[in-house]
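Heads up: the structure comes next, in structure tokens.
The values are calculated or read from the model by the stated rules, or taken from the named source; none is laboratory data. Keep in mind the model is a prediction, meaning the values are calculated, not measured. With ideal geometry, Cβ positions are generated from the backbone for all residues, glycine too; neighbour counts draw on all protein chains shown. Just the protein is used for accessible areas: all its heavy atoms, side chains included, with ligands, DNA and RNA removed. Shrake-Rupley method; radii C 1.70, N 1.55, O 1.52, S 1.80 Å.
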Amino acid sequence: MSNFAFGTYRISDINPQHIEALKEAIESGIEMIDTSSNYMDGGAERAIAIAFREFDEDKKDQVEIVSKFGYLQGTNLLNYKEDPSIIENEKEVVKYSDECYHSIAKSFMHEQLSASLQRLEMQRIDCYLIHNPEYYILDAINRGMDKDERLDEMYRRLQEAFVGLEEEVKSGRIGSYGISSNSFSLPRASDEFLPYEDLPTLAYNAAMIVGNRTHSFTTIELPINILERDGLKCASWAKKNGLRVLANRPLNAKYNEMMYRLADYDESKDYYTYFNELMEVCDNEALRPLYNLLEQLDATKHKFGWIGDYDLFLFTQIIPHMRKTLQKVDEESSRTMLDFIDLFLIEYRKMVAHECAKRTRAELKEFFKECSATMPECSLKFLINSENVDYILVGMRKSSYVHEILSLDR
């Protein structure tokens, strides 16, 4: 049976609610917190540090911290500009580039780890993962590189990363390491699939190079959910090879090239109150563009693919349009309008989420036909009962979420 871990993808150190949720999870006995140097530009790691200040060392030691770094996604080193006065032939170019790449990449990883340790206020990270190394594969595909050639280069980069990670294990700054990759969950025939069978060998070679008695490659992280099940093949392989499996994106799933939020949302009870009030205020010549926009939004609230589509549309289309319209009124009227708009947008998002959930439940009924509970419960129970999944990473941005999620694991 899987355990739940606290995923911090959208956790910020400037949101008190997030800090309280972390504290509640730690107090409730959560065993793992998953984070990354990239999450909220380091804010997720800072949030963990703030939450940990409330606990003694014994309590902290009960929680494993998993963080990530991601230099392998960069491709600037492939285009390294060699000095022609130093290099006279093609073989020397390759050798020179490789040496520079190894030195710079190793230094960059070391700096990323140092920055994460500082943000986390720790001397050691329990497990440190390479974050989405397949970005190199995507870039190589775009540049037309042959499949064998790009995979060879991918393995070379992973080997060098493993060497650096083994050195960090030896120095005591990390306990173990692994890879977090979306490509582990793709069908094997996909060009973007990252083959994983040789990873233990790369880790063993890295340990030998560094002089460690055994390698410390322990963990893989990948998307697995009730819709995306190809990752279970990788999970099965991992368990057979003594690795543990962290499943992310349990409630944000892709199916038939569409994204779905596997969650149920209640219909807003106050939507039409705020909608009608705002429409009445906008029923004049100066605010006619806003009046027309509101009509369109009300008519299309059921047409968003998933709530993430709406969030993108809100910031790229709705807000700029509203801002432009409000420039036509005086400052005092604009401030008043913003209050009405804020209330409306809060309730409108609830309506969009409700409509998305209804359509998701209808379109994916085959996946939920044997489960009478809510979509989140069905989806998480699916992973709890997956024998090859060790931890399920769930975002718990409110204390109430912590209790709801952890109650499923009892």
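For the stretch 97-254, give the percent of accessible area contributed by carbon and sulfur heavy atoms, probe 1.4 Å, rounded to a whole number.
Its accessible area is 48 percent carbon and sulfur atoms.
What is the chain's relative contact order, in percent, from Cα pairs under 8 angstrom and six or more apart in sequence?
This gives 21 percent for the chain.
Where does each of 36-46, 139-149, 294-304 land if you order them by average Cβ count within 10 Å, highest first?
36-46, 294-304, 139-149
Using DSSP to define loop residues, name the trypsin sites (Lys or Arg not before Pro) in the stretch 305-334 whose beta-carbon has at most 14 other beta-carbon atoms within 10 Å.
Within the stretch 305-334, the qualifying trypsin sites (Lys or Arg not before Pro) (loop, at most 14 other Cβ atoms within 10 Å) are K328.
Evaluated at 10 °C with a viscosity of 1.306 mPa s, what Stokes-Einstein diffusion coefficient in µm²/s does the stretch 201-337 have when Rh comes from the Kirkwood expression over alpha-carbon pairs?
Calculated translational D: 80 µm²/s.
Please give, to one decimal in nm, the separation of the simple spin-label points placed at F340 and K240, each 7 Å out from Cα toward the Cβ.
The two pseudo-label positions are separated by 6.5 nm.
What distance in nm lies between label points placed 7 Å from Cα along the C-beta direction at K324 and Q118?
4.3 nm
How much of the DSSP beta bridge set in the stretch 198-354 is antiparallel, as a percent to the nearest 5?
Percent antiparallel among DSSP bridges in the stretch 198-354 is about 45.
Counting heavy atoms of the protein chains only and a 1.4 Å probe, report the per residue accessible area for the chain as a whole number of Å².
For the chain, the per-residue accessible area is 50 Å².
Checking a compactness column here: for the stretch 289-355, what do you get for Rg(Cα) / (2.2 N^0.38 Å), N being the number of residues?
1.13
Take every Cα pair under 8 Å in the stretch 1-49 that's 6+ residues apart, average their separations, divide by the length, and report that relative contact order as a whole percent.
51 percent
So if R0 is 22 Å, what FRET efficiency would K398 and T273 give, r being the distance between their Cβ atoms, rounded to the nearest 0.05?
So the FRET efficiency works out to roughly 0.35.
Could you grab the relative contact order for the stretch 193-296? Cα pairs under 8 Å, six or more apart, rounded to a whole percent.
RCO, the stretch 193-296: 17 percent.
Which value, in nm² and rounded to one decimal, describes the direction-averaged projected area of the C-alpha convex hull of the chain?
25.3 nm²
With each run of n ≥ 4 DSSP H residues scored as -39500 (n - 2.57), what mean residue ellipticity at 222 nm is computed for the chain after dividing by its residue count and rounding to the nearest 500 deg cm²/dmol?
Taking each H run of at least 4 residues, the total per residue is -16000 deg cm²/dmol.
Please identify, among R249, R188, R261, the residue showing maximal mean-square fluctuation in a Gaussian network model of the chain using a 10 angstrom Cα cutoff.
The residue that fluctuates most here is R188.
Quick one: if the Förster radius is 41 Å, what FRET efficiency do Q62 and Y204 give, using the C-beta to C-beta distance and rounding to 0.05?
So, using R0 = 41 Å, E works out to roughly 0.85.
Of the DSSP beta bridges with both residues in the chain, give the percent that are antiparallel, rounding to the nearest 5.
Within the chain, antiparallel bridges account for around 10 percent of the total.
Which FRET efficiency, nearest 0.05, do D311 and A189 yield, Cβ-Cβ r, R0 35 Å?
0.60
Taking the chain as a Gaussian network, where each spring joins two C-alpha atoms under 10 Å apart, which residue of S176, S116, S268 fluctuates the most?
Fluctuation is largest for S268.
Which residue fluctuates most in the GNM of the chain (Cα springs below 10 Å): P320, P133, P195?
P320
Taking the highest mean first, how do the peptides 223-233, 54-64 order by number of other beta carbon atoms within 10 angstrom per residue?
Highest-to-lowest ranking by the protection proxy: 223-233, 54-64.
Just to be sure I understand the model, the point goes 7 Å from the Cα along the line to the Cβ. What's the resulting A286 to E27 distance in nm?
Output for this residue pair reads 4.9 nm.
From the backbone phi of the stretch 182-193, what are the Karplus-calculated ³J(HN,Hα) couplings (6.51 cos²θ - 1.76 cosθ + 1.60, θ = phi - 60°) in whole Hz, Gly and Pro given as x?
5, 6, 5, 9, 7, x, 4, 6, 5, 4, 8, 5
How much accessible surface does Y291 have with a 1.4 Å probe, in Å² rounded to 10?
50 Å²
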